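Each remark here refers to the structure printed beneath this line.
The values are calculated or read from the model by the stated rules, or taken from the named source; none is laboratory data. Keep in mind that what you see is a predicted model, and the values were worked out from it rather than measured. All Cβ positions, even for glycine, are placed from backbone atoms using ideal geometry, and neighbour counts span all protein chains on display. The accessibility values were calculated without ligands, DNA or RNA, using every heavy atom of the protein model including side chains. Shrake-Rupley method; radii C 1.70, N 1.55, O 1.52, S 1.80 Å.
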Amino acid sequence: LHFTEKLIDKIEGQILPHHTMKVAVSGWPNSCSMPQIKDFGAHAIEPVCVDPESECIECMKCVETCREDAITVKDGQVSIDMEKCLHCGLCAKVCPSGSIRAGKKKYRVMIGGKVGRHPKFAIEILPQADESVTLKALDVCVDIILTSKTEHRFRTLIEQQGIEEIKKRI
């Protein structure tokens, strides 16, 4: 998106930390890159579901693998508590019968996280976006920063515009 070049053209003088955009992408639920506290964060997920056509053999590998205690198996029936599930896809990888399947990789997109004197976690704007929508969201966020007439942190710009207006642009 050539953000740095565009920012250099826009800002007169030294580029300060609040002029920049902090971006993090995580491919795992542990989120070591800390996308929850960045201006733009994307967390890769593999949405999982139970395949009713496949017969569970009750090996319990999925239950043992799930760190969130989101899976139960009873009488050959697999159940996933979607409130607990982080969609890491590990259960689908260990399931020998195919009772649990992972879908196509998606991204959980968050914007507006920040640290400092008044830290805030990022706001989830897209719970399961494909790659093209994720990149469109990044493009919209970059545009918000570059077209801003004021020198505020990105979180302040989000609060001024409103999260619903940003979602509409995506």
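With respect to the numbered conditions (1) in a loop (DSSP other than H, G, I, E, B); (2) in contact with a helix residue (DSSP H, G or I) (Cβ under 8 Å, 6 or more places away or on another chain), which one is the sole condition not fulfilled by Gly13?
So Gly13 meets the others, but not (2).
Going through region 131-168 one residue at a time, which ones are open to solvent by 50 Å² or more (accessible area, probe 1.4 Å), over 17 Å from Leu1 (Cα atoms) and among the basic types (Lys, Arg)?
Lys149, Arg153, Lys167, Lys168
From Glu68, Glu83, Glu64, Glu131, which residue is among the charged types (D, E, K, R), within 20 Å of Trp28 (Cα to Cα) and in contact with a Phe, Trp or Tyr (Cβ under 9 Å, 6 or more places away or on another chain)? Step through it out loud before you land on a result.
Numbers: Glu68 fails: in contact with a Phe, Trp or Tyr (Cβ under 9 Å, 6 or more places away or on another chain); Glu83 fails: in contact with a Phe, Trp or Tyr (Cβ under 9 Å, 6 or more places away or on another chain); Glu64 fails: in contact with a Phe, Trp or Tyr (Cβ under 9 Å, 6 or more places away or on another chain).
Unique residue meeting the criteria: Glu131.
Can you tell me which of Ile144, Ile125 is modelled with pLDDT of 95 or more and either aliphatic (A, V, I, L, M) or closer than 28 Å to Ile15 by Cα (or both)?
Being modelled with pLDDT of 95 or more and either aliphatic (A, V, I, L, M) or closer than 28 Å to Ile15 by Cα (or both) holds for just one of Ile144, Ile125, which is Ile125.
Are any of the residues in region 48-65 closer than 22 Å to Ile125 by Cα and touching a residue at least 40 places away in the same chain (Cβ under 8 Å)? It would help to see each step written out before you state the result.
Going residue by residue through region 48-65, those that are closer than 22 Å to Ile125 by Cα are 48.
From what's left, touching a residue at least 40 places away in the same chain (Cβ under 8 Å): 48.
Within region 48-65 (the criterion being closer than 22 Å to Ile125 by Cα and touching a residue at least 40 places away in the same chain (Cβ under 8 Å)), the answer is yes, since at least one residue qualifies.
If you go through region 30-48, how many residues are within 17 Å of Gln128 (Cβ to Cβ), out of contact with any helix residue (DSSP H, G or I) (no Cβ under 9 Å at 6 or more places or on another chain) and not in a helix (DSSP H, G or I)?
4
If you go through region 150-164 one residue at a time, do you hit one that is more than 27 Å from Lys10 (Cα to Cα) and assigned to a loop (DSSP other than H, G, I, E, B)?
no
Identify, please: which residue in region 76-119 is part of a strand (DSSP E or B) and without any contact (Cβ under 8 Å) to a residue 40 or more places away in the chain and is, among those, most open to solvent (accessible area, probe 1.4 Å)?
So the residue we want is Gln77.
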